[in-house]
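This report concerns only the one structure given below.
The values are calculated or read from the model by the stated rules, or taken from the named source; none is laboratory data. These numbers come from a predicted model, not from an experiment. Don't worry about glycine lacking a Cβ; one is built from the backbone with ideal geometry, like all the others, and counts go over all protein chains shown.
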């Protein structure tokens, strides 16, 4: 029986400049890294989240200042930047949530095969990006 399988490349001493641009991370790896990044973004933006909540529910006057931050900006910060930070927060939350549901589903069903990991990772990426685009379009006033 002849060995017809091609030998896979071995990465022993990885050179960041020559080897990493050619390395293809599987979708499950991308989802895993993005899950960590989204958690860090939510942690980093926690003061902004608390400010958003506080200003939006304190009073009618503070709610108007909350709305004006999205319409006219915050002093030296333009409104588009406030919306961009909010969009990054929307993405972080949605991706973290969808990836967390993916992990819960995998834990409950014991689906740990390579094919199921690949398909659930692709679905996670697609769902989180689609929801982010929809909510981002609403945030920027496209509908």
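Some notes on this structure:
- Counted residues, segment 70-82 - those being touching a helix residue (DSSP H, G or I) at 6+ places or on another chain (Cβ under 8 Å) and either more than 18 Å from residue 55 (Cα to Cα) or touching a residue at least 12 places away in the same chain (Cβ under 8 Å) (or both): 2
- The set of residues from segment 15-44 being surrounded by 14 or more Cβ atoms within 10 Å (Cβ to Cβ) and either touching a strand residue (DSSP E or B) at 6+ places or on another chain (Cβ under 6 Å) or at pLDDT below 90 (or both) is empty.
- Residue list for segment 104-125, filter: over 23 Å from residue 93 (Cβ atoms) and loosely packed, with under 13 Cβ neighbours inside 10 Å: 109, 110, 112, 113, 114, 115
- Tabulated pairs, segment 29-51, first without any contact (Cβ under 8 Å) to a residue 60 or more places away in the chain and on the phi < 0 side of the Ramachandran plot, second buried (at least 16 other Cβ atoms within 10 Å of the Cβ) and part of a helix (DSSP H, G or I), C-beta under 6 angstrom, 6+ apart or interchain: 39/96; 41/92; 42/92; 45/89
- Residue 85 vs. criteria surrounded by fewer than 17 Cβ atoms within 10 Å (Cβ to Cβ) and touching a residue at least 12 places away in the same chain (Cβ under 8 Å): yes
- Among the residues of segment 126-142, the ones that are within 16 Å of residue 101 (Cα to Cα) and either in contact with a strand residue (DSSP E or B) (Cβ under 6 Å, 6 or more places away or on another chain) or surrounded by 17 or more Cβ atoms within 10 Å (Cβ to Cβ) (or both) come to 3 in all.
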